[in-house]
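Right, one structure below, let's go through it.
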Amino acid sequence: MMKNILSIAVLLAASALVLTGCKNEEDDLFSSSAAERLSESQVTYTKRLGGTAWVMEYYPLGTFELDPETRDPYPAGLGYVILNRFKADGSVEQAMQNAVSLNYYINDTSLWQIISDQGPVLSFNTFNNCIHTFSDPGVANSSKDLYQGRGYEGDYEFAVLDMKENADVVMLKGKKRGAYIRMVKLPYDTDFQAYMKDLNAFKDKIFSADAPNNAQAFLGDTTFVMTKASKGIAEFYPVGGDAITQSTDHVFTITQRNGKYYMRFLYNIGRSKCDAREFVYNEAEDRFTCLENGSYVIEGYPVAKFYNEYLQKKKWTTKAGAEMSASFKDLMDKLAAELKAVNKNFVLSNINFGYDSKLQKYVWTMSYLSSGKVANQTYYFTFDCNEDKDKATFKFVEPSNTAAQNVMNRCPALKTIWDTISQEMQLSAADSRFNLQRIKLTSKTNSDIWFVMNI
């Protein structure tokens with residue numbers, strides 16, 4: 001019995017030593033209290049932000065919403081770029097230029113502070129016309145009654161998730177709405193107005209609201225069609241798939257850093273499990289390459305395919321003063337001179353190419369203006385057209401009627417133009433494959449013959 005009592009006593013003593021050891025180890029993990037550590041982080045983060053500039057990829061909501069009828073995004077669900085210059089005196093200069101600012105450049109200066117909550121929080125604690133507009137419930141962002149009185153549902157205070165010393169990226173989380181916000185460092189002396197002008201010019205070039213935004217995303221074994229990027233939210237669906245039942249919508253922002261343009265989606269694109277979120281634009285290749293996986297790319301739509309598909313909807317036009325080679329301009333000038341010889345009031349307007357549903361044929365048309373008449377005079381000439389990869393082959397057939405034959409008889413340069421076009425033409429984007437408002441047609445046999453056509 002005595003032996004058992006002694007054994008128990010020894011075990012209890014050992015346990016006490018173990019527990020004491022654990023307690024000492026836990027105390028050694030931190031040399032200060034939680035409150036002291038939070039206070040230290042306030043000072044540290046204040047120093048790290050002061051005297052730096054950042055571009056903020058700002059999302060008012062953690063998710064986005066679409067109008068069920070038009071599939072257009074509600075403004076509260078888009079991504080916005082806000083520029084920030086944090087000054088050591090506790091003030092911050094902010095700037096933006098977007099639909100919320102009615103596309104005007106605006107900037108404002110207010111105060112900022114790292115405050116304590118359950119952790120360090122970046123607070124824009126006095127009113128700033130940029131960021132506080134998104135959190136003002138009195139700002140109506142939609143005609144929908146559902147959204148009146150809710151504003152853009154944005155944040156102006158953010159929990160600091162990660163802010164390492166000399167970091168180029170800071171991760172934040174909206175304190176109220178919970179949206180994850182990223183800031184990327186810029187040179188402190190960045191000219192904010194010039195930055196926004198340059199950024200918007202790039203977006204207008206690549207994702208113009210005036211052009212169909214057709215592109216393709218190559219993600220491993222799956223190729224997606226990408227559309228509607230000009231709205232700030234891109235729709236993806238598999239090539240050959242259904243644009244309605246298989247589509248996913250992805251909001252994104254575009255920023256510029258170190259002379260390069262970055263497109264970053266709020267979530268990975270497509271329904272695939274691949275990590276495809278941020279892409280950088282390569283100007284020489286005219287494509288976006290994924291930073292997470294260099295084999296993933298987003299590039300413009302195949303030019304000839306788009307050219308042919310669009311013929312069913314609208315016509316392509318080249319005007320007398322359009323961009324063209326000297327050789328082709330000579331042909332256009334001769335045609336204009338011959339029209340003047342027929343009638344001094346005749347002015348060459350344009351040459352169009354499209355598909356005529358009544359004739360059920362491809363047609364090139366020649367139009368001219370006549371003084372005293374409002375409408376153009378237009379004559380139709382039928383062609384065969386075959387499109388393949390990056391080229392189209394045209395073959396002149398005949399004038400569509402007697403009037404067209406007569407004008408060709410009186411203007412021999414017109415027949416010369418049709419004979420010149422009747423060949424294999426290389427098709428390329430005049431500006432970018434992401435923006436196919438303008439396509440360049442170049443003779444496959446004579447590179448000195450080329451001209452640009454507009455939608």
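The values are calculated or read from the model by the stated rules, or taken from the named source; none is laboratory data. On a predicted model such as this, the values are computed, not experimentally measured, just so you know. All accessible areas refer to the heavy atoms of the entire protein, side chains included, with ligands and DNA or RNA removed. Shrake-Rupley method; radii C 1.70, N 1.55, O 1.52, S 1.80 Å.
Would you work out if the range 161-226 is rounded, prolate or oblate? Take a ≥ b ≥ c from the square roots of the eigenvalues of the alpha-carbon gyration tensor; rounded if a/c is under 1.5, else prolate when a/b is larger than b/c, oblate otherwise. Taking the square roots of the gyration eigenvalues as a ≥ b ≥ c, the range 161-226 is oblate. Remark on Arg257: its backbone amide H falls under 5 Å from those of Tyr262, a criterion applied only to residues 5 or more positions apart or on other chains, H modelled at 1.01 Å from N. With θ taken as phi - 60° and the Karplus curve 6.51 cos²θ - 1.76 cosθ + 1.60 applied, the whole-hertz 3J(HN,Hα) list for the range 430-444 is 6, 10, 7, 5, 7, 10, 9, 5, 10, 10, 9, 10, 10, 4, 5 Hz, x standing for glycine and proline.
3J(HN,Hα) couplings calculated from phi for the range 166-174 with the Karplus curve 6.51 cos²θ - 1.76 cosθ + 1.60 (θ = phi - 60°) are, in sequence order, 6, 6, 8, 10, 10, 9, 10, 9, x Hz; Gly and Pro show x. Element breakdown for the range 214-341 at a 1.4 angstrom probe: carbon and sulfur atoms account for 46% of the accessible area.
Amide H contacts of Arg287: Asn282, each under 5 Å away and 5 or more positions distant or on a separate chain (H built 1.01 Å from N in the peptide plane; Pro and chain starts excluded). Close amide H partners of Cys411, meaning residues 5 or more places away or on another chain with modelled amide H under 5 Å apart, do not exist here.
Taking a straight line from the alpha carbon of Lys185, these lysines sit under 18 Å away, with near neighbours fewer than eight places off in the same chain left out: Lys47, Lys87, Lys164, Lys173, Lys260. Computed from phi, the 3J(HN,Hα) profile of the range 387-392 under the Karplus parametrisation 6.51, -1.76, 1.60 (θ = phi - 60°) reads 10, 8, 6, 10, 9, 9 Hz, with x in place of Gly and Pro. Where the centre of each part is set by its Cα atoms, how far does the range 97-142 sit from the range 283-350, in angstrom? The range 97-142 and the range 283-350 have Cα centres separated by 44 Å.
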